Amino acid sequence: MKQNEKKVSWISFLLVLAFLGLVFWLDQIIKPTNKMYMLMTVLQKGSVYALAAVSMNLLNGYTGLFSLGHAGFMLIGAYTYAIFTIPSSARDTVYQYFDAAIRISFPELLSNSMGSAGTVLGVAIAVIFAGLAAAFFGYLIGLPVLRLKSDYLAIATLGFAEIIRAVFQWQKLGPITNGSNLLKNFMRTSLFKLKVGDTKLVFSTFVPVLIATLSIIVIVKLVNSTYGRAFKAIRDDEVAAEAMGINLAKHKMISFTVSSFFAGVSGAMMAMVLSIAQASNFKAAMTYEILLMVVLGGIGSTSGSVIGSFLFVAASEWWLRGLDSGKFLGIEAPGIFRNGFRLVVFSVIIMIVVLFFRKGIMGEREISDLFREKKKAKGAAR
Amino acid sequence: MRKDKPCILRVEDVTMQFGGVVAVNNFSMEEYEGEIVAIIGPNGAGKTTAFNVITGVYAPTNGRVTFDGRKVIENFPRGKMKKGYLGENAGKYTDHLEPTPDKLTALGMARTFQNIRLWKSMTVFENVLIAKHMKRTSNLFSATFGGNRAEEKRQRDEADALIETVGLSDVRDEPATSLPYGKQRRLEIARALATDPKLLLLDEPAAGMNPQETVELTRFIGEIRDQFHVSILLIEHHMDLVMDISDRIYVLDFGSMIAHGTPVEIQANEKVIDAYLGVTDDA
Ligand SMILES: Nc1ncnc2c1ncn2[C@@H]1O[C@H](COP(=O)(O)OP(=O)(O)OP(=O)(O)O)[C@@H](O)[C@H]1O
Ligand SMILES: [Mg+2]
């Protein structure tokens, strides 16, 4: 029993390591001019959405709190990251109409004394900062909102996200948020390169994939811990959970704050992948998209959320592209396959999947269960 | 009565009013350490409501609950109830103490539910293990990053030992709700015991059980009292079980207590026979 569990975690660990190695290698050989660069885009955006979906699943899937504020927390993360990584040389061009109030760039500050290691550390600090800012807002919102029952909680969090979006575009906050103008020129994935000796190493895809991987590992560990079990107890039966000594207010708050933290981190990743941060992008539609990925993968399954996200991103950004540009699967029909048709087909596919796979692709299972089930079957056969 | 022992639970003048319905009316009782006390009464008498007040699910409209020598719940008609209060002893209590159920569980109360409330997506083992969460000393970070290995292992071992004791080892890894009714009730008791209670409240533990299972359960409840050193307060309709194991019995009818005493006294009580025993003797 115990031995088996150890084996499962070792297999998972090695698989993750192999995946990271593969991404690192791809980063070196597939250049932006390559036809296969679409794969890198999918990996980058997929990581962003995978973390967003997994953090939403922590709340909606494991704790049973139906919250729709994700885009709001991602926005906070994206802005925090962007603001604290704009180099001083670019600051005045970015804040064209305002007098920038925050004049610190972590990567710049640290690279002055530590070189490229400082840049890396600065980016890491900015990402964590982004998470903390989102978590802080999560805590504040959570105080009043978490007492509400499910439908009201969804509406309240949705409202909060819309308010955040409006506030960040408010001209009066321009010196911090740049008002309704976008933020740019901060540390983005295209700048993630290091010179080691004579060779130039590229980390454009590796960095977002790594951040998502580490974050998801932390969430998985949390879900499997005694706290994660308490979350599931609350989801299954709140009355019983409370009667067995689980403090509902406290545990809901923990889940909400942690989920907000990682939503903030995924927001930071979104900013670095897209090279811009703009409040008007973080609409409720983004939250719905993420919710769809969670449902597609299976509510209550972390692997499901990851698979759902990558499939979603790959389908919408890559595989179905042809539907918009006249040629799909070798069929040329510019009359039908034109702008917007992709979205129609995509919506139909999603509807079919949701209708016929009620419990999503994974149900409540995890990828690691696959190794486990095989072992069990073998044991029984012996 | 074991009045030589300390009082584990004292309920004083508890009234629970929902709108215009007085579900529990001026109910008082006490239980001494190591006792098995039963609350009986016809359907809708207010027994479960009394449990819900004692365990913190509902704040009483009026009255006080003292647990293990400490005043834990107290309330008086306030707000809208100030005018609409239909019970007695208004003005006797002046304090407002309304802890959530988990606080009372932490102090040493644990309960089961009349309509079984197991965590349905989880196995038998997990159901018991989660009830150990309350006993943790680890914080969020140490629990997430594996800094609580020793505690985690101890809690798992304790959960396994408990499952063994209640005789559910053979279904340890089964989904909790796939178990037959009788075993689900047993599991609910094991889960409550996992919180290390001083007082165990059982709401109709024999409901849905056949006579054979009921006999086993009767013996099981006695064993639990002795082995885990808990006091037991139970609601039950199976009269054989109640008369067999209770030290004392309180009888509720339409929210009010109409009698209390030893099983022998209750069986001879005219009011009880009229209100209850005469009607649903073998329910
Ligand atoms: N939350 C509530 N709101 C309104 N009325 C309630 C509430 N809870 C219980 N009641 C009422 O209180 C009365 C007592 O119910 P209770 O469940 O305590 O009875 P009981 O003695 O446990 O009965 P049974 O033997 O059927 O379980 C009933 O009339 C019930 O409708
Ligand atoms: Mg009842």
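The values are calculated or read from the model by the stated rules, or taken from the named source; none is laboratory data. What you are looking at is a predicted structure, and each value in this text was computed from that prediction instead of being measured. Don't worry about glycine lacking a Cβ; one is built from the backbone with ideal geometry, like all the others, and counts go over all protein chains shown.
A compact table of results
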{"item": "Residues of region B:46-94 satisfying the condition of being of a type in the set (A, V, I, L, M, F, W, C), away from ligand 2 (no atom under 13 Å from the Cβ) and assigned to a loop (DSSP other than H, G, I, E, B)", "result": "B:ALA59, B:PHE76, B:LEU86, B:ALA90"}
{"item": "Residue in region B:143-151 that is more than 30 Å from B:PRO6 (Cβ to Cβ) and within 16 Å of ligand 2 (Cβ to nearest atom) present", "result": "no"}
{"item": "Selection status of B:THR112, modelled with pLDDT of 95 or more and either more than 22 Å from B:ILE235 (Cβ to Cβ) or within 16 Å of ligand 2 (Cβ to nearest atom) (or both)", "result": "yes"}
{"item": "Top-ranked residue of region B:131-155 - restricted to ones that are in contact (Cβ under 8 Å) with a residue 60 or more places away in the chain and part of a helix (DSSP H, G or I), ranked as farthest from the chain's Cα centre (by Cα)", "result": "B:LYS135"}
{"item": "Residues of region B:20-33 satisfying the condition of being farther than 17 Å from B:PRO263 by Cβ and touching a strand residue (DSSP E or B) at 6+ places or on another chain (Cβ under 9 Å)", "result": "B:VAL22, B:ALA23, B:VAL24, B:ASN25, B:ASN26, B:PHE27, B:SER28, B:GLU30, B:GLU33"}
{"item": "Verdict on B:SER142 being within 13 Å of another protein chain (Cβ to nearest Cβ), closer than 24 Å to A:ILE217 by Cβ, among the small types (Gly, Ala, Ser) and in contact with an Asp or Glu (Cβ under 6 Å, 6 or more places away or on another chain)", "result": "no"}
{"item": "Residues that are more than 20 Å from B:GLU88 (Cβ to Cβ) and more than 12 Å from ligand 1 (Cβ to nearest atom), drawn from region B:51-70", "result": "B:THR55, B:GLY56, B:PHE67, B:ASP68, B:GLY69, B:ARG70"}
{"item": "Scope region B:16-45; condition over 23 Å from B:ARG225 (Cα atoms) and part of a loop (DSSP other than H, G, I, E, B); matching residues", "result": "B:GLY19, B:GLY20, B:GLY41, B:PRO42, B:ASN43, B:GLY44, B:ALA45"}
{"item": "Residue that is within 16 Å of ligand 2 (Cβ to nearest atom), over 21 Å from B:GLY56 (Cα atoms) and not small (Gly, Ala, Ser), where the choices are B:HIS260, B:HIS229, B:HIS238", "result": "B:HIS238"}
{"item": "B:LEU241 being modelled with pLDDT of 95 or more and among the aliphatic types (A, V, I, L, M)", "result": "no"}
{"item": "Residue match in region B:263-283 (condition: within 16 Å of ligand 2 (Cβ to nearest atom), touching a strand residue (DSSP E or B) at 6+ places or on another chain (Cβ under 7 Å) and either modelled with pLDDT under 95 or in the same structural domain as B:GLY41 (by TED's automatic domain parsing) (or both))", "result": "yes"}
{"item": "Filter result for the condition that a residue is within 21 Å of B:ASN89 (Cβ to Cβ) and buried (at least 22 other Cβ atoms within 10 Å of the Cβ), over B:MET29, B:MET16", "result": "B:MET16"}
{"item": "Test: residue in region B:168-184 that is within 16 Å of ligand 2 (Cβ to nearest atom) and either closer than 20 Å to B:ILE40 by Cα or in contact with a helix residue (DSSP H, G or I) (Cβ under 7 Å, 6 or more places away or on another chain) (or both)", "result": "no"}
{"item": "Hits in region A:205-232 (condition: more than 14 Å from chain B (Cβ to nearest Cβ) and surrounded by fewer than 21 Cβ atoms within 10 Å (Cβ to Cβ))", "result": "A:LEU210, A:THR213"}
{"item": "Residue, surrounded by the most Cβ atoms within 10 Å (Cβ to Cβ), within region B:175-205, restricted to residues that are of a type outside the set (A, V, I, L, M, F, W, C) and within 12 Å of chain A (Cβ to nearest Cβ)", "result": "B:ARG191"}
{"item": "Odd one out for B:ASN43, checked against (1) within 15 Å of ligand 2 (Cβ to nearest atom); (2) surrounded by 19 or more Cβ atoms within 10 Å (Cβ to Cβ)", "result": "(2)"}
{"item": "The listed residue being within 14 Å of another protein chain (Cβ to nearest Cβ) and within 16 Å of ligand 1 (Cβ to nearest atom), out of B:THR105, B:THR48, B:THR15", "result": "B:THR48"}
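Results for (1) in contact with a Ser or Thr (Cβ under 7 Å, 6 or more places away or on another chain); (2) over 30 Å from A:GLU366 (Cα atoms); (3) not small (Gly, Ala, Ser), shown as yes or no for each residue.
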site: A:LEU65; (1), (2), (3): yes, no, yes
site: A:GLY72; (1), (2), (3): no, no, no
site: A:ALA100; (1), (2), (3): no, yes, no
site: A:SER111; (1), (2), (3): yes, yes, no
